[in-house]
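Reading through the structure tokens given below for one structure.
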Amino acid sequence: MSDSGERSRRRNRSQGTWAWWQVARGMVLGVLALSVGWWLAERVFSLTGRPPDLVAYLLSIALGIVLAGSSAALVAKVTGRFDDPDRIWDDLGEAMDRIARGDFSVRLREPQRGVLADVVASVNNMAAGLGSVEHQRQEFISNVSHEIQSPLTSISGFASLLRDGGLDGATRDHYLDVIHAEAARLSRLSDNLLRLSTLDSSDDIERQPVRIDEQLRSVVLMLEPQWTGKGLDVELSTAPVEIDADADMLRQVWINLVANAIRYTSDGGAVRVSVQAASGSCRVDVTDTGIGISDADLPRVFERFFRADKARSGEGNGLGLALVKRIADLHGGEVTVSSEPGAGSTFSVTLPL
């Protein structure tokens, strides 16, 4: 059965149930009200002498009508259980039209029971979810625009200074170095955005046997100019560990984590990289003695474009750790972080064997 046919069937069933409930409720309230009215008539006229039966009967009917109407209105208002299906369906239709136009702020009052209560709750949840996605989309566009605008402004400004001429060789070389660095920054941003887009669009990865210990050793050697230039003590503690994974993706993970550890560790500090396997999984720890991460920033470090160290924002684009998390997720693993401001951080990646 099609979705529209199912919705029509549920609507008809709900309307039929509601109509029968209204009839039954009216009959019960009517009988109860007539009984109470008759009893009141009996009590009142017992004090003044019993009137003809017909008069008492008519008076009880009048009282019953008043009590039935008042009781029904009061119960419906207090409990809110007697929702009109037609009105609910009209509200649902209007809400869906608003959602289709991009208005995700719509919220419907939920009936307290019945099939329509589940439908209304689902629509409200859908609107809330779409609103969250839209907010993330707008925030993402804003962040990308900012990240692109910053280096473009620097490139444009220094290019204008070079065009004016009259600069000595050292100043000109400095301006050219800045332009080159900002262009490289734009290139890294583009590469990371493309990687994230590719990873987000597919959950399929090409697995092959990968020696994690050999990858880590290769990455540490590749980054040797960076950590030797800062006089860091780098310790690599590994044991032979092999898993089925995408080699290129995992290599990107280790490069990001080790490069971050080096970047945020002061001269003369230490970086330690280790891998161990146990209980059907392997864990890679990258520990540094750097500046650390505050408790407020820890929950956000894997968000796209988030940077805990605002003062050094020019050194990255806030996408590296987002890539790390996405790659770990694709491999059925997880990445966690523990840190203390001023005492360093430890990033741990756990992957199934």
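Details
- Per-peptide average of other Cβ atoms within 10 Å, ordering 322-328, 276-282, 149-155, 163-169 highest first: 322-328, 149-155, 276-282, 163-169
- Only the Cβ atoms of Lys and Arg (+1) and of Asp and Glu (-1) were treated as charged; on that basis the dipole of the stretch 179-274 about its Cα centre amounts to roughly 400 debye.
- Accessible carbon and sulfur surface of the stretch 165-287 relative to its total accessible area, %, 1.4 Å: 47 percent
- When only Cα pairs below 8 angstrom with a gap of at least 6 residues are kept, the stretch 204-322 shows a relative contact order of 23 percent.
- Accessible area expressed per residue, the stretch 182-226, with surrounding protein chains retained (probe 1.4 Å, Å²): 60 Å²
- Contact order normalised by residue count of the stretch 167-265, Cα under 8 Å, 6+ apart, percent: 33 percent
- Summing +1 for each Lys or Arg and -1 for each Asp or Glu among the other residues whose beta-carbon sits under 13 angstrom from that of Arg101 gives -3.
- Counted by Cβ distance under 10 Å from Phe347, the other residues give a net charge of -2, where Lys and Arg count +1 and Asp and Glu count -1.
The values are calculated or read from the model by the stated rules, or taken from the named source; none is laboratory data. Note that this is a predicted model, so its numbers are computed, not measured. Glycine gets a Cβ as well: all are built from the backbone with ideal geometry, and neighbour counts include every protein chain shown. Please note that ligands, DNA and RNA were not included when accessible areas were found on the heavy atoms of the full protein model with its side chains. Shrake-Rupley method; radii C 1.70, N 1.55, O 1.52, S 1.80 Å.
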